[in-house]
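Structure record follows, encoded as structure tokens.
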Amino acid sequence: MDCQETNEHIHHPENDQQYAGLQVNAGVEQPPIINPYLKRRKRPQLSAAEYVEGIRNGNTAVLGQAVTLVESLNPEHQIIAQEVIEKCLPFTGRSQRIGITGVPGAGKSTSIDVFGIHVLERGGKLAVLAIDPSSERSKGSILGDKTRMERLAVHPRAFIRPSPSAGSLGGVARKTRETIVLCEAAGYDTIFVETVGVGQSEIAVHSMVDFFLLIQLAGTGDELQGIKRGIMEMADGIVINKADGNNIERAELAAAQFRNALHLFPLPPSGWTPEVATYSGYYELNIDKVWDMIDRYFDHVRNNGYFSERRRQQERYWITETINDQLRARFYSDPDVQQLLAEKQGMVLGNRQSSFVAASEVLSFYYNKMRNQKS
């Protein structure tokens, strides 16, 4: 049968008379990619009480949904999330919060996998909150930390949650802290917080953990120079990774240099002198020594009362940070401020007004507007 007779609306040049004896049959119609009989059902929104019940029962699916609510920018989701957090607060505060940082390539994710298995072998539950850097161009994140935590990713008593930084370390830190509350309410007694890398994020993470661990490498030429004094002062413990094979001597030398450098710093408020250890995350060497150091730290700060004092300091810090964030958001979302700010920016760029005077006038305008609204 001639294809042109059955498919008159389809013209195949090959069926032209000049190509005698050549026929092209109509192709088979392809089925749709999506099953036409599939009915998509929207997942019902749980109530705050249902979220809390699921979290308290250790339901990781409900816990993941609650974390998604915390990270959501939807105002309705935020209302539910804050109610869930408030109801979870009585069940929190009984975990060990450990921040882990280091230069890119230091082996943070691999080390967390090994450290986590070591912790779980002693009993309890572990939550890993990993902050993943976002692209400045696409605003996307790979969120691939689970691929480097092969054993923890499938462990029944481990919960791994990567979160994109999305260009706002302060916002992520605040949401990470709220996620810690949810994880503690779910019964996770050890919580790791992995940071983006050496930089500004460490300050925020340090304000929400009990122990701050700095992972370093030997033989990279930055044993002392490459580590900023601020990061060194925040660290409660420093560990040199990849101390195996021919690298053992270099790792021990780097550890000695770090110990000497730490002696030059004043004693921290905890009264604990930061210790330095070497280990190999890949070959799982000296993991017990690293964890013995962390155990000694917690015994020390619990005995001298600093553990509770640090938690209180962190609560005060986050009250101030939350107020600052909300004031900033309210200020910049005001349409009148946006209009005036655009005008002032034009004047500053045109060299008709200094940036300091422009900022002062915008703030004065906002203050006067708030006073008029109250009166």
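The values are calculated or read from the model by the stated rules, or taken from the named source; none is laboratory data. The structure displayed is predicted, hence computed values, not measured ones. Methodologically, a virtual Cβ is constructed for each residue, glycine included, from the backbone with ideal geometry; neighbour enumeration extends over all protein chains shown.
Tabulated values for the structure
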read-out	value
Which listed residue is touching a helix residue (DSSP H, G or I) at 6+ places or on another chain (Cβ under 8 Å), over 30 Å from residue 151 (Cβ atoms) and at pLDDT 90 or above, from 26, 66, 81	81
Tally of residues being without any contact (Cβ under 8 Å) to a residue 24 or more places away in the chain and part of a helix (DSSP H, G or I) across the range 327-354	18
Odd one out for residue 108 among (1) of a type in the set (D, E, K, R); (2) modelled with pLDDT of 95 or more; (3) surrounded by 13 or more Cβ atoms within 10 Å (Cβ to Cβ)	(2)
The listed residue being crowded, with 18+ Cβ neighbours inside 10 Å, hydrophobic (A, V, I, L, M, F, W, C) and outside any helix (DSSP H, G or I), out of 243, 251	243
Residue count, the range 170-225 (criterion: modelled with pLDDT of 90 or more and on the phi > 0 side of the Ramachandran plot)	1
Residue match in the range 80-99 (condition: at positive phi, in a strand (DSSP E or B), in contact (Cβ under 8 Å) with a residue 60 or more places away in the chain and crowded, with 16+ Cβ neighbours inside 10 Å)	no
Residue 262 vs. criteria under 30 Å from residue 245 (Cβ atoms) and either of a type outside the set (Ser, Thr, Tyr) or surrounded by 12 or more Cβ atoms within 10 Å (Cβ to Cβ) (or both)	yes
The listed residue being surrounded by fewer than 22 Cβ atoms within 10 Å (Cβ to Cβ), at pLDDT 90 or above and within 20 Å of residue 297 (Cβ to Cβ), out of 269, 274	269
Some residue of the range 355-372 being assigned to a helix (DSSP H, G or I), surrounded by 13 or more Cβ atoms within 10 Å (Cβ to Cβ) and among the aromatic types (Phe, Trp, Tyr)	yes
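Residue-by-condition table, conditions (1) touching a strand residue (DSSP E or B) at 6+ places or on another chain (Cβ under 8 Å); (2) within 28 Å of residue 298 (Cβ to Cβ); (3) of a type outside the set (Phe, Trp, Tyr); (4) surrounded by fewer than 16 Cβ atoms within 10 Å (Cβ to Cβ):
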{"position": "51", "(1), (2), (3), (4)": "no, no, no, no"}
{"position": "54", "(1), (2), (3), (4)": "no, no, yes, no"}
{"position": "63", "(1), (2), (3), (4)": "yes, yes, yes, no"}
{"position": "70", "(1), (2), (3), (4)": "no, yes, yes, no"}
{"position": "73", "(1), (2), (3), (4)": "no, no, yes, yes"}
